[in-house]
Structure formats: C-alpha cells, structure tokens
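Bear in mind that the values in this text are calculations on the coordinates, not laboratory data. Since the structure is predicted, the reported quantities are computational estimates derived from the model, not experimental observations. We place every Cβ from the backbone using ideal geometry, glycine too, and count neighbours over all the protein chains shown.
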Amino acid sequence: MAPAQHLLNEAVGGMDQQIVPFVSATPNLVRHNTKWQEQLKSEKERVRRSLITGKYDKTDDTLDYDSIQDALVTMVNSKNCNINTLDNYTQVLPVASVTTTSHSTQQSIIVEYALNREQRAAFLIITNHLDGDKERHIGEQRNSGKLRTIKPGDTKLENQWRLVEYLLIDEMSMVGLTLLAKLNRILSATKHADPQIPFGGINVIFFGDYLQYRPVYDTPLYTDFSQPTKNKSGQSRSEKEIQQRAARSLILQINCVIKLSQQMRTEDERYRELLERLRQGDCNLQDYELLLTRVVGQPSVSSLRESPWNEAPILAYRNEVRTQLNNKAAVHNAAQLGHQLMVCVAQDTCRGKAIEDPILMKKLLELSDSKTEHLPGLLPFVPEMPVILTQNLAIELGLINGINGIFRQLVYEADSVSIDALSNTYPNNTQYVHRPLYALIEIARSKIECNLETLQPKIVPVPLMEQTFRVDVTNILPKKKKPESNQKAMLSIKRRALPVVPACCIITHKSQGQTLSKAVIDLKLPNETEDIAAVYVLLSRLKQLIDVAILRPFDYEVLRIKPSKSQVAEIERLDKLYIDTQFRFSEYFQ
Ligand SMILES: Nc1ncnc2c1ncn2[C@@H]1O[C@H](COP(=O)(O)OP(=O)(O)OP(=O)(O)O)[C@@H](O)[C@H]1O
C-alpha cells in the first residue's frame, strides 16, 4: 500500500482511534476525489428518484422521471439568502409534483409525527390542497387564472420553475419586503403570468414567528404602510418603497392562517411558562431569579471549562466576537492536543490575477466571512472541531448551508504549506495551507447512504467553492490614489476557499430555527438593542432550563422588552385570520 494511502486509511479508519489529523494530497487521493464525486452524484439521483417514485401513486398517470428532473424548487431560506444572493439560484430538490395523498397516508403521517391539533390541521389543509381541494383557498381577493404554457426552448430559469406549484418559505420573520417583491417579480416573469396573480400562480406557504429575528438590511413583512410615515408630505415615494408596498399587499392577501400555539420544543414546564411570558415582555422577578441561577459561577454552572459546557456552542451577537472566540478556541484546542495549528488560506483573485499587494491581501484575509459571501479568509482547523457548512453543497443529501459537522481531516497539496505569519491571531509556529483540496467532515445528518470510497460512514469530502464579493479598499489606497470627496474605491474579488467555519461559537442569528442540546448565551445586549428577538430566540433554542449557561449577570429589563407595535398589530391581524380559517376548515380541527 502506498504510504499516503496507508496514512489515509489509518487516519479515517476509526473515529475512536487517535486520528492523524492532516493528510497531504497524492495522486491516490485525487483519484478518490473523482470517485467520490461520482458516488455523490449517484446518491443525489437516488434521493431524487425516491422522492418522485416513492410518492407518486397514481398508476394511470405516472410521471416520467426524466421529463421532470429539470424541475427544481428554489427554496427561499432567509438565512441563506439576501437580496444579492437571490440572483444565484440554488437548485434543489426535484419537484415530486402533486401527489394523490390517500386518507390512510395522511393519517399514518399524522400518527408517525405525533402532530398536535394545529399541526394536524395545517398538514391536512396543505395536503388536501395538493389533492385538488383548492376552492376554499381561493378567497375573494385572490386572482386565479390559467397560466400560459411554457414552450420548449425557454430559458433555464423558466425550466427550473416550470413544474413548481408550491413554494415553502421558512423563517418568514427574516424575509424582507424588498426580497419578497423581487421574488414575486421573478416568479411572475418566469411563469409568464398576469402580473396581478401573486407569485406567478405558485402557492406560497410561509412558516415563522414574527417575534424572532427581523431581516438584515430589509423591512419586515409586517410593516404597516397605512400608518403615517416620517416622510415629509409631498415627497414622492422611492422605487424601493413602492416595491415594498407591493410586497406588503401580497402579504395582505394571505387568507389561510394556522397559529401553532403549543410549544413543542420545551419539555420543562416551568421554563415553558417563562418563555411564554417572555414573548409578551412580561417576565416577573421569579423568572429573573430563576435565570440568574444559570449564570456562570453559580453552583449549577460552576465553570465553562468543564463538561458539558466546554463543548456547548457559545452564541455571540456580533460576527467579530464570534470569529475571535472561534480563533481562541482553535489555538487553545490545538495546544491542548499538542498539535501545530493549521490554517487554510483563501485564494483571492481580482480580474483573474492573484492578489500580490501584501496590505490588500491581509485586509481581504481578515474580512469577516459575513462580508465575503461566507467563505472565510483564514480558517483554523483542529481535529474534532465542530464546524458549520456555509454553502449548499447538495441539498438532496442534506449537505446544506448551516448544517453542523465535525472536522476530521484536511487534504491539501503538500508543497503549499508555509509558516510565514499571516495573522497575529495565531501562534508563530502555525502552518498556513495555501492550497487545500478538501476537508473531510463528519456530517451526522447527511442523507448519504453508501460509504464513500475508503471513508467511514457520514464522512463527507467538502471541496473548495468560489464566490465573488465586493470590498471597499479606499482606506488602504496611497493618498494620491484615493478618490475625491466621499467616493468609495470598490474592488470585486473572486475567492476560492473551503465553505466551512468553526462552530465553537455561532452568531445568534444562526441559532434561529435550531434546537440546541446545550448553549452558552449572553444576555447583556449590544447597545440600543430593543428587539425582543435578541432575548427570545436565544432562550427558546433549548428544551429545558438546565441546558443553558448564561455568560454573565444581566439586567432584569431585558426580560421586559415588549414586542413592537407593528409586531403586535400583525399578530392580532393573523389571529383574526386564524379564526376564519378554523371556521372554514372546521373538520380538520376536530
Ligand atoms: N408534534 C410534535 N411532537 C413532538 N415533538 C415535536 C412536535 N412538533 C415539533 N416537535 C419538536 O419541537 C422542536 C421544534 O420544532 P420545529 O423546529 O419544527 O419548530 P419551529 O416552530 O420551527 O421552532 P422555531 O421557529 O422556534 O425554531 C423540535 O425538536 C421538534 O422535534
């Protein structure tokens, strides 16, 4: 056996054995890479086929797989998506098209997932709509119309949406009106629909909680334009506001609402009551005292150095803090294990040329990954480090942006390592890997069923990815090259890097939607934070009080932050629609 091959086998041979953390690339490994890609491709096909054939049970009208494999749903997940990235469509699951869901299938799903009364009603409304019970959904305000048939030779985008009839949008609190308006315009155009038909005729199902995080750089869907604005009268509306109002009018057309009022995550009753009061900004002093028992240093959470807290993620409000804490954890853990720290360096180019200017190179590498389309400039690796994927690799296989994993190995070109310090953050003996090839990450929730060649189950090779971002370089230009007045000098940078970031510490926004088994949180809010989400999202990620450690003492006032007037007004409006919905679909609520 070739030495490097031997090393690989030994390294990934058993998770309990001591893992050799880093392997250099050899022709053998490159060959595996090609093999892995083929295997991953066939796994994707397997999942796609199972989605289609497994659910479509109308024998007389069976869909031809090949004719629909081009059909793709574009998921709008507010966490992955900002206004710019909506342009980069992420192709995901093929649409299984409308299936005939028999009564017994519905019932077995209800039982299997132990759906509560409201979940059950929502499930029945949606699945019966899939089966053709559409009349009750078409309210008076809703336009219905026949869509124009899409002819062969249509653009790629039109093909992608051709068979899409339903679009699920999760975390709607983070979706903004500008984004929704843009989505509406795109769907309307790709479906060649009458512009009056919302979303080009696609049925859109929103999920979310308006008391959770609001959109970043956009306006929440609950914004009420009927209130007088601060704009001076007579001032014409901006194009942006016109678009936002149009999107708001789409939201006002929603006429089927289910309120999932039962807290299913929290198992601890006392804690659940606390969270319910927190939603109103109405926690009492007993709630405050209860939470203070979870502050680090109290008998119940004596130290973060000890288990389980030394493995629990820390939730930070700011990206800079998150990155610093992750770097500190990597340096500390490498020292504990007696390893030299390894740091992957992103490959940045500008107009096809590598960046040679050392000042610019340093600036780019130090940019927060929140500004570089989530590809980190410097990525420290320590064996067994928790990580998060920051791009969608293969949605079918569950290899999606935000999924957690454990770093197992780095495969890189042996001659690409230097010890020239690129950052003061890391120790002097740090090895910088300039040409990583892929990281082997263990992803427990991956849907890959086969073992990839030579790899243990659930080990996924994560390759480099490419993204382009813009950066303001005004303040590093020599004086005579600086633009005049307030102009900015922007550069467009293409980056190739591993789409992975350490997850010892994650940003609070990233925790929305997750259930965490343990977490360390900070309730000392950044200045001027008056958003109830900053407290509610964090505390509601855990199943019980004893799963949370609070970094330091905090003010009682943070538990008294009230929902904003517009949040309350929208929730009340939805409550009324929920009453109508219960009336209209009364049989599903029994
Ligand atoms: N009917 C149910 N029976 C048992 N557990 C459930 C049920 N419904 C949800 N759960 C559990 O509750 C937790 C939260 O579920 P889920 O993530 O779907 O909620 P969510 O409404 O999206 O929450 P959030 O918006 O706060 O993130 C999960 O651990 C899930 O398994």
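Taking only the Cα atoms of the range 161-257, how large is their convex hull per residue, in Å³?
Working: hull volume 11.4 nm³, N = 97.
For the range 161-257, the hull spanned by Cα atoms encloses 118 Å³ per residue.
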message: I'd like the antiparallel share, as a percent to the nearest 5, of DSSP beta bridges with both residues in the range 449-590.
response: 75
- request: For the range 205-287, just say rounded, prolate or oblate: build the C-alpha gyration tensor, square-root its eigenvalues into a ≥ b ≥ c, call rounded for a/c under 1.5, and beyond that prolate if a/b exceeds b/c, oblate if not.
  value: prolate
field: Residues Trp161, Trp309, sorted so that the one with the fewest Cβ neighbours within 10 Å comes first
entry: Trp309, Trp161
message: Counting pairwise Cα distances across the range 275-358, what percent come out greater than 17 angstrom?
response: 71
- line: Under 5 Å from the placed amide H of Leu167, counting only residues 5+ away or on other chains, we find Asn203, Val204, Ile205
message: How would the range 462-576 be classified by its alpha-carbon gyration tensor: rounded, prolate or oblate, with rounded meaning a/c under 1.5 and the a/b versus b/c comparison settling the rest?
response: prolate
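Would you mind checking Lys328/Lys510; Lys44/Lys156; Lys259/Lys562; Lys240/Lys480; Lys363/Lys480 for any pair whose Cα atoms are more than 25 angstrom apart? Numbers along the way, then the final one.
Numbers: Lys328/Lys510 20 Å; Lys44/Lys156 20 Å; Lys259/Lys562 20 Å; Lys240/Lys480 36 Å; Lys363/Lys480 20 Å.
As for pairs spanning more than 25 Å Cα to Cα, those are Lys240/Lys480.
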field: Derived scalar couplings ³J(HN,Hα) [the range 461-469; Karplus, 6.51 cos²θ - 1.76 cosθ + 1.60; whole Hz; x for Gly, Pro]
entry: x, 9, x, 5, 10, 10, 9, 10, 9
field: Length released on extending from Asp472 to Asn310, taking residue separation times 0.36 nm less the Cα-Cα span
entry: 54.5 nm
- prompt: Each residue of the range 269-280 in turn: what ³J(HN,Hα) in whole Hz from Karplus with 6.51, -1.76, 1.60 and θ = phi - 60°, glycine and Pro shown as x?
  reply: 5, 4, 5, 4, 5, 4, 5, 5, 5, 4, 4, 9
Whole-Hz couplings from phi, Karplus 6.51/-1.76/1.60, listed for the range 253-267; x for Gly and Pro: 8, 5, 10, 9, 10, 10, 9, 8, 8, 7, 6, 9, 6, 7, 9
query: Non-local amide H neighbours of Tyr438 (under 5 Å, H modeled in plane, Pro and chain starts lacking H): which ones?
result: Val411
task: Name the long-range amide H neighbours of Val387: under 5 Å, sequence gap of 5 or more, or other chain; modelled H, no Pro or chain starts.
output: Gly405, Ile406, Phe407, Ala503
Positive dipole terminus of the range 255-307, leading residue within Gln263, Asn284, Val301 (C-beta point charges): Gln263
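When the Kirkwood hydrodynamic radius is evaluated over all pairs of different C-alpha atoms of the range 407-503, what value in angstrom, to one decimal, is obtained? Don't skip to the answer; put the middle values down first.
Working: mean 1/r = 0.0588 Å⁻¹.
One decimal place: 17.0 Å for the Kirkwood radius.
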query: Given the C-alpha centroids of the range 183-209 and the range 447-526, what is the distance between them in whole angstrom?
result: 30
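Would you please give the FRET efficiency between Glu449 and Gln263, computed as 1/(1 + (r/R0)^6) with r the Cβ-Cβ distance and R0 = 45 Å, to the nearest 0.05? Could the numbers behind the result be given before it?
Numbers: r = 34 Å, r/R0 = 0.76.
The calculated FRET efficiency here is 0.85.
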